[in-house]
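Read through the structure below, which is laid out as structure tokens, and then see the notes.
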Amino acid sequence: MNLKRLFWAVLALGAISCSTDDADDPKEEVKVTAKADFVVIGEDLDRVFQYSYEGAVDNGQLVDLTNQLGVLPNYLTLRQVNELLSFYSFGGGAFSLAQIDLATGARANFDDFYANGPGRSVVWGANNLSNVFFAYLGPSGTRNLAIQSVNLQDFTTEDLTVDFDIDTAFQPLFFGERIFITYRDGRGDYKLTAYDTESKTLGTYLNFGDVPISILIDDMGDLVVVKNGVDASIEVYDVNTMSLVRSAQLDFNSGFSPGPVEGAVLSGDRLYYALPFVQPARYPAGPAIFDFVTQENFVADLTGIATEIEQELGTTVLITAQSYDPQQEVFLVGYGTTSDEVLGGVMQIATDGQLVANITFPFFPTYFVKN
């Protein structure tokens, strides 16, 4: 997406210390949260960047991916599989793919490798190391949802129909060897199934009726389905059999978009996520933690933290991306500013809602690389 569109979309929608006073001891006990490492992808007006930050040394490395890969800020989408990042672009009726392996530095480009044929409307693409999987609606005059697998070695293809009479297909969730597919059919029912990328077959279909669903993978490798609405709940399914493992209520009015919940983590009895704020609000969402045992929802004061950063920078802050890092137990909140210079940054927010650090760089962050 380009810079202008990113900002209008957003508009539409240091270290911390904790002190404990002891009446018998005048000394203050100070606990300092360490700065976290992260890798973020973003852009300025002309280029796409990767920024790798090391908290221990408070330093980051900037890589120009436009120079290395040829990827431009108007790329369609970014997918991650382990350490492999894949940038999808479209032009002249064909899709292109630019890839970089963050572990090895290996790069690959597949220019105009997939032509979008007549009567076929591509709704998303996902990939592993060997294949790209395009979901599309077609043929012409129909709303049938299908997947076409494209081999990146010889570019041979295989097609498989997912369902008929589709209203909307949502973004995919790729985990292990399966792509979890969510969509709403022509009758208004929200459905979920899994495509096995090895056998090129489909698994069990789950129908949630008129309840909008969102999905993520928990820390145990199970599939989590959020049933949105006033009476919100979650259901956890085995990723292999799609059988129900457990369920629990969410004591808040969830408003996640259908499809994958980006940046959210379900770990133990807690859901770490970006809570959609009731609008009108300054920001569309902010860091939150829901405890299933106490049924309490802790929400960080994102507005207050952003205001502090704005006073420090002397410019307005617009939120562009959010994620939770379970290994380092920190929320990562990316932002861009409205200053004349292109300036973006990442707020690191601890699970108690305190600002750990604010790191700035010369682009706007849009995607946090998962560990």
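The values are calculated or read from the model by the stated rules, or taken from the named source; none is laboratory data. Because the structure is a prediction, the values reported are computed rather than measured. Please note: Cβ atoms are built from the backbone with ideal geometry, for glycine as well, and neighbour counts cover all protein chains shown. Keep in mind that these areas ignore ligands, DNA and RNA; they rest on the heavy atoms of the full protein, side chains included. Shrake-Rupley method; radii C 1.70, N 1.55, O 1.52, S 1.80 Å.
Here are a few things to note about the model shown:
- Test: residue in region 357-367 that is assigned to a loop (DSSP other than H, G, I, E, B) and open to solvent by less than 10 Å² (accessible area, probe 1.4 Å): yes
- Scanning region 36-52 for residues that are among the polar types (S, T, N, Q) and surrounded by 18 or more Cβ atoms within 10 Å (Cβ to Cβ) yields one hit, Gln50.
- Flag if Ile147 is closer than 28 Å to Val39 by Cβ, in a strand (DSSP E or B), at pLDDT 95 or above and touching a Lys or Arg at 6+ places or on another chain (Cβ under 9 Å): no
- Test: residue in region 221-244 that is of a type outside the set (Ser, Thr, Tyr), at pLDDT below 95, open to solvent by 30 Å² or more (accessible area, probe 1.4 Å) and within 18 Å of the chain's Cα centre (by Cα): no
- Within region 105-129, being on the phi < 0 side of the Ramachandran plot, surrounded by fewer than 17 Cβ atoms within 10 Å (Cβ to Cβ), within 24 Å of the chain's Cα centre (by Cα) and not in a strand (DSSP E or B) holds for Ala106, Leu129.
- Across region 53-73, a minimum of one residue is classified as open to solvent by 10 Å² or more (accessible area, probe 1.4 Å), touching a helix residue (DSSP H, G or I) at 6+ places or on another chain (Cβ under 8 Å) and under 22 Å from Lys370 (Cα atoms).
- Only residues that are within 22 Å of Ala264 (Cβ to Cβ) and not in a strand (DSSP E or B) were counted in region 191-231, giving 11.
- Considering only residues in region 245-260 that are of a type in the set (Gly, Ala, Ser), open to solvent by 20 Å² or more (accessible area, probe 1.4 Å) and part of a strand (DSSP E or B), the one that is farthest from Ile179 (Cα to Cα) turns out to be Ala248.
- Within region 284-317, the residues that satisfy the criterion of being loosely packed, with under 13 Cβ neighbours inside 10 Å and modelled with pLDDT under 95 are Val293, Thr294, Gln295, Glu296.
- Under the condition of being surrounded by 21 or more Cβ atoms within 10 Å (Cβ to Cβ) and of a type in the set (Val, Ile, Thr), the residues counted in region 341-355 number 2.
Residue-by-condition table, conditions (1) open to solvent by 10 Å² or more (accessible area, probe 1.4 Å); (2) under 30 Å from Asp218 (Cβ atoms); (3) not β-branched (Val, Ile, Thr):
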position: Gly93; (1), (2), (3): yes, no, yes
position: Ala103; (1), (2), (3): yes, yes, yes
position: Ile166; (1), (2), (3): no, yes, no
position: Phe175; (1), (2), (3): yes, yes, yes
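- Residue selected from region 177-191 under the condition farther than 28 Å from Asp219 by Cβ and acidic (Asp, Glu), by the criterion surrounded by the most Cβ atoms within 10 Å (Cβ to Cβ): Asp185
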